[in-house]
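Everything below concerns the one structure shown next.
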Amino acid sequence: MSQRLEELRRLLNQASYAYYVLDRPIMSDEVYDRLYRELVELEAEYPELITPDSPTQRVGEHPATDGSGANRPKFVSVRHRLPLYSLDNAFTWEEMVAWQERCRRLTQAELTYICELKIDGAALALTYENGVLVRGATRGDGMVGEDITPNVKTIRSIPLRLLGTAPSVLEVRGEAFLSLENFHRLNTERQQAGEPLFANPRNATAGTLRQLDAKIVAQRRLDFFAYQAFGYPDTIKTQAEVLEYLHSQGFKVIPYREICPSLEAVRAYYDRFSTQRHDLPFQTDGVVVKIQDLAVQQELGYTQKFPRWAIAWKYPAQEVPTIVNAITIQIGRTGAATPVAELQPVQLAGTTVTRASLHNRERLEELDLHVGDTVIVRKAGEIIPEVVQVIRELRPPGAQKFVFPHRCPECATELEKSSTEAITRCPNPQCPAVIRGAIAHWVSRDALDIPGIGEKLIAQLVGKNLVRSVADLYRLSLAELVKLDRLGEKSASKILAALEKSKRQPWGKVLYGLGIRHVGSVTAQLIAQHFTADRLAQARVEELTQLHGIGTEIAQAVVEWWQDPHNRALMAELQGMGFNLGSVPGERLEQQSLAGKTFVITGTLPQLSRAEAKAKIESLGGKVTDSVSKNTSYVVVGENPGSKLEKAQKLGIPLLNPDQLLELLRNV
């Protein structure tokens, strides 16, 4: 009986792959339905033989509930094996050239590219163990997402079992989306039912994936394109080969992709699809450009938010004209002095825009902006409004050009401009604007998540000298709070309770809340997994850069922050107040015993795959590269080694056989 069940699953999965991925049906609907009914009947008779990759497991029988009978969110948070980084955006050819130059400064390799259309949907992370789908998760914050496996199983273009020889673990990343046809069908159905319409396919996709009833997800007919993987064979050397490998395993991959030998070829691809994209069956808002060579990708690495080896070249967003009423200088929590255009209100991408960023002094000079100018405003990345053009022909007579101030508008300290960055800063750590920004960042949702402390309250606390640092928040008394405007005893008590509760937040949130330059929430969580506050205070740049995704710029910023005596004093205060600084019993902090060590593996390892060896070395703080150099710490020599062994011998690099490697990993 088990043999017949396996045969039915194989036939039905093969038919689904041919129909949904290849678009080449191999059996009629009648035949498929007959085989499916037979499988359902056999599994009903022998439920102990049901497997996770069975086609019958794509759609759940009942909505997920919390056990009370009500449909309440029940998705479980899961930590991604590797962070899901977002992509940096470019909007002009000049920005693409600048991106290429940044890459060239970091590698001597010749750069070739692959272009993929940027699908407007929702990112998913899929985990396969021994070829079977065991988990599907949302991107979340890049480090932690939600387990939505039942919903993922409804997407017919996602295989429940890989088609080819499967590694022990394969991580697949890709984009779930709604075709335009299904999007319009869904909105028509909602209109007929008197339900609110979805604004766009992206919103519809995100909302669908969070449905508690997997049957609803199945009815909406989501699709999926895979674009990245971890755990593929070592023989794969380029991004194009990754996509071909994913296709061979049963995934749909980005269509219309193209290998480009130069950035000029990338521009030709971008220009071609600027018009062709309107005829595609799905929505795309740009082109994803990646470095082809995977070894070069590894060499370039990551910033705190983005891979350096990839960028999204976005098509022009909606742009509208309006008038600049005034220009102000906004001082941020790092002291950055950002010019801001105060605008006549205008509707842009569904929201009313009254302010727009001018980025920095250089951008302001480049625009030659005058108060009263008519400007073109767009949303950068469809989020932050920015001024992209001044229509000088409409400049009113006598309009005054804005002159960037020499002193901070908040504290009158002389502004400083570093030679290494475009940002002008107020260097005064006691500047009221800097303190307000630091407090606002500390209480924000991704940091300590303290409700009740908003912008107006922060302005009062700083303005009345009640708070000069985040530590001062925890010295506030009820008597002090109730004296503030519009704050009664009940609200003040809630704020004090929320402050006390925030002391129990995880170390990663505390680290992010400190506001260290270049350290985003994902990066903070990554560092917190490996370093307590005490260890971080002693960390070296080379130790931090051993972590996946931590570059020299981030590491240097962390080390410099801890070298500041004011910051050390703040950490001592927080420790005395009982904050979690990474040393709480039960919080897992992996020992970075191989930090600073670089390994090269050559040949076949008999007891574990190369990917498994790489993962273990990296989990202990080590680094695995593809080429042998004088900086290599060890070369691991397996069966049938290549030329790397000879080069290692010439350079005198220590050699490890597979048994010695295992012994090292066990004992460090």
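The values are calculated or read from the model by the stated rules, or taken from the named source; none is laboratory data. What you see is a predicted model; the values in this text were computed from it and never measured. Positions of Cβ are backbone-derived with ideal geometry, glycine not excepted, and every protein chain shown enters the neighbour counts. Ligands, DNA and RNA are excluded from the accessible area calculation, which covers all protein heavy atoms including side chains. Shrake-Rupley method; radii C 1.70, N 1.55, O 1.52, S 1.80 Å.
Assorted remarks:
- Remark on the chain: 103, 115, 260 stand apart, with no other cysteine beta carbon under 4.7 Å.
- When the residues 406, 548 are ordered by accessible surface, computed with a 1.4 Å probe over the protein chains alone, the sequence from largest down reads 406, 548.
- Folded to 0 to 90 degrees: helix 610-619 orientation relative to the chain principal axis, Cα: 30 degrees
- Averaged over its residues, the chain has an accessible area of 49 Å² per residue, based on protein heavy atoms and a 1.4 Å probe.
- Fraction of accessible area attributable to carbon and sulfur, the chain (%, probe 1.4 Å): 50 percent
- For the chain, calculated [θ]222 nm from helices alone, where every DSSP H run of n ≥ 4 adds -39500 (n - 2.57): -10500 deg cm²/dmol
- Burial order of peptide ranges 49-56, 387-394 (average beta-carbon count within 10 Å, highest first): 49-56, 387-394
- Residue 479-residue 564 FRET efficiency (beta carbon distance; Förster radius 51 Å; 0.05 resolution): 0.95
- Against the criterion of solvent-accessible heavy-atom surface with a 1.4 angstrom probe, 333, 378, 79 sort, most first, into 79, 333, 378.
- Low-density loop positions, trypsin sites (Lys or Arg not before Pro), segment 413-453 - DSSP coil, at most 11 other Cβ in 10 Å: 445
- Here the peptides 644-655, 525-536 are ranked by packing, the mean other Cβ count within 10 Å, and the order with the highest first is 525-536, 644-655.
- Here the relative contact order of segment 600-668, from alpha carbon pairs under 8 Å that lie six or more residues apart, stands at 38 percent.
- Set of lysines near residue 630 by C-alpha distance (under 28 Å), chain-local residues within fewer than 8 positions excluded: 237, 597, 614, 616, 644, 647, 650
- At R0 = 25 Å, FRET efficiency that the Cβ-Cβ distance of residue 646 and residue 616 yields, to 0.05: 0.45
- Nearest 10 degrees, 0 to 90: helix 565-576 Cα axis against the chain principal axis: 70 degrees
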